[in-house]
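Structure, as structure tokens:
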Amino acid sequence: MKKVLLSAVAVMAFMSVSAQETRFGVKAGANISTFGGDAEDAKSLVGFQVGGFAEIKLTDKFAIQPEILFSAQGAKSKESIFGGGTSENKVHLGYLNIPVMAKYYVAEKFSVEAGPQIGFLLSAKDKYEYSGPGGSDSGKEDVKDAYESIDFGVNFGAGYDFTENLSVGLRYNLGLSNIAKTEDGEDFKMNNSVFSLSVGYKF
């Protein structure tokens with residue numbers, strides 16, 4: 001992992017030297033996330049993301065945009081319990097995500113993008129609520145040990161620049177890794193799936 005990060009830094013440094021223009025910025029927005037794979041009962045959960053980026057213009061139409069983002073994502077599930085009760089779980093995952101996007105300006109202000117992403121799990125909480133004939137109960141549990149610490153994925157998206165400074169972006173992140181820790185011989189796979197809408201400001 002250290003070699004991968006050092007290689008990425010070297011590549012970014014080379015691109016910065018050869019770039020026509022490099023601009024830095026901040027961005028924030030909303031996430032709509034869920035779990036894919038074998039997590040059949042997973043429903044969408046609303047979260048957020050916030051962080052910074054650097055847009056490295058290599059030509060008038062092509063740019064590389066590395067980012068570093070804190071992303072609140074996860075999923076929720078709800079089921080009926082025998083006897084008339086209901087149980088709801090909301091799994092909140094906090095990631096430090098580092099996407100590297102290749103951007104192509106198909107028009108002066110409109111761009112499309114794609115690129116890989118690595119995510120580092122910072123926190124994992126399960127908020128549960130139960131209600132039924134016997135009463136109700138709620139609480140929060142740390143479940144970080146149940147999830148893999150690193151997530152790999154790929155992003156696809158588009159953006160529009162309202163001005164030289166202000167922009168909006170729509171992106172989908174498809175997780176390629178199994179984020180669920182499993183025992184030997186257990187065949188259960190689960191991946192992240194996140195739609196995000198963000199607003200960015202370039203300095």
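Listed values, structure above:
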{"item": "Hits in the stretch 30-47 (condition: of a type outside the set (Val, Ile, Thr) and in contact with a Phe, Trp or Tyr (Cβ under 7 Å, 6 or more places away or on another chain))", "result": "ALA30, ASN31, ASP38, ALA42"}
{"item": "Number of positions in the stretch 50-70 that are surrounded by 19 or more Cβ atoms within 10 Å (Cβ to Cβ) and either more than 20 Å from ALA102 (Cα to Cα) or among the acidic types (Asp, Glu) (or both)", "result": "2"}
{"item": "Complete set of residues in the stretch 1-36 that are of a type in the set (Gly, Ala, Ser) and modelled with pLDDT of 95 or more", "result": "GLY25, ALA28, GLY29, ALA30, SER33, GLY36"}
{"item": "Check on SER167, under 23 Å from PRO66 (Cβ atoms) and either among the hydroxyl-bearing types (Ser, Thr, Tyr) or touching a helix residue (DSSP H, G or I) at 6+ places or on another chain (Cβ under 6 Å) (or both)", "result": "yes"}
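Residues are listed down the side, and each one gets a yes or a no for (1) surrounded by 15 or more Cβ atoms within 10 Å (Cβ to Cβ); (2) under 17 Å from VAL199 (Cβ atoms); (3) of a type in the set (D, E, K, R):
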{"residue": "ALA72", "(1), (2), (3)": "yes, yes, no"}
{"residue": "ALA75", "(1), (2), (3)": "yes, no, no"}
{"residue": "SER80", "(1), (2), (3)": "no, no, no"}
{"residue": "THR86", "(1), (2), (3)": "no, no, no"}
{"residue": "LEU96", "(1), (2), (3)": "no, no, no"}
{"residue": "PRO99", "(1), (2), (3)": "yes, yes, no"}
{"residue": "PHE110", "(1), (2), (3)": "no, yes, no"}
{"residue": "GLN117", "(1), (2), (3)": "yes, no, no"}
{"residue": "SER123", "(1), (2), (3)": "no, no, no"}
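The values are calculated or read from the model by the stated rules, or taken from the named source; none is laboratory data. Everything numeric here is computed off the predicted structure, so don't read it as measured data. Ideal geometry is used to build each Cβ from the backbone, glycine not excepted, and the neighbour counts take in all protein chains shown.
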